[in-house]
Every structure is written in C-alpha cells, then in structure tokens.
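I have placed the structure first, in the form of structure tokens, so that the comments after it can refer back to it.
Every number in this text was worked out from the coordinates using simple rules, so none of it is lab data. Keep in mind the model is a prediction, meaning the values are calculated, not measured. With ideal geometry, Cβ positions are generated from the backbone for all residues, glycine too; neighbour counts draw on all protein chains shown.
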Amino acid sequence: MGFTQDAGATWETRLHTPEIQWFGMDFRDENVGLVGGHEFYTQPEVYGIFKTVDGGLSFTHVFDKFGFPMWLSSTEAVAIGVAGQFTIMPLVG
C-alpha cells in the first residue's frame, strides 16, 4: 500500500504484505481507513473488512463479511459485496 503527500508526485510504501490481497479501500482522513481484503496465510483464511488508524502502517480485522468499503459518516460505513449486496457497519473511531 502506498502513501503520497504531494498529490502523487512521490510515493512511500506504508504496508507491503504479499500474503494479504486488498480489493477496495476508502480512507476517512490521512490516518483512518477501511479496506476489503483476504488474509490467506491464516488458518482459517480471513475475509472481511480491515481498519487502520495509523495511515496504513497496521490493520485490524473489524468485520467478517467481504465487500468494498465506503465511509458514510465518522462512525458508519457500508460494505458493497457480491451481486450488489451491502451491509451497514457501525464503527467507532
């Protein structure tokens, strides 16, 4: 995952995890973001929504259903999944 502070002129690698596939992301600000992904090195494998509060340096699994996340407010997000199904996720912080 890359990070830019100059509109894309230069990029910094924030997180390089070949064992995790990211499918979609939405950041509320430069630190707090959600990504839909798949950790395939864990047993059992973990699908779902992951949250960062440190600009992508680390992520925590916060929701079990897979989807492409999008913030609705500072405390709620929606995950749009397969065949257009969606789930509203209450999130704190």
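His38 versus Lys65, label points 7 Å from Cα toward the beta carbon: distance in nm?
The modelled label-to-label distance comes out at 1.9 nm.
What's the percent breakdown of Cα-Cα distances in the stretch 19-75 across 10 Å bins, shortest bin first?
Whole-percent P(r) values from 0 Å outward: 26, 58, 15, 1.
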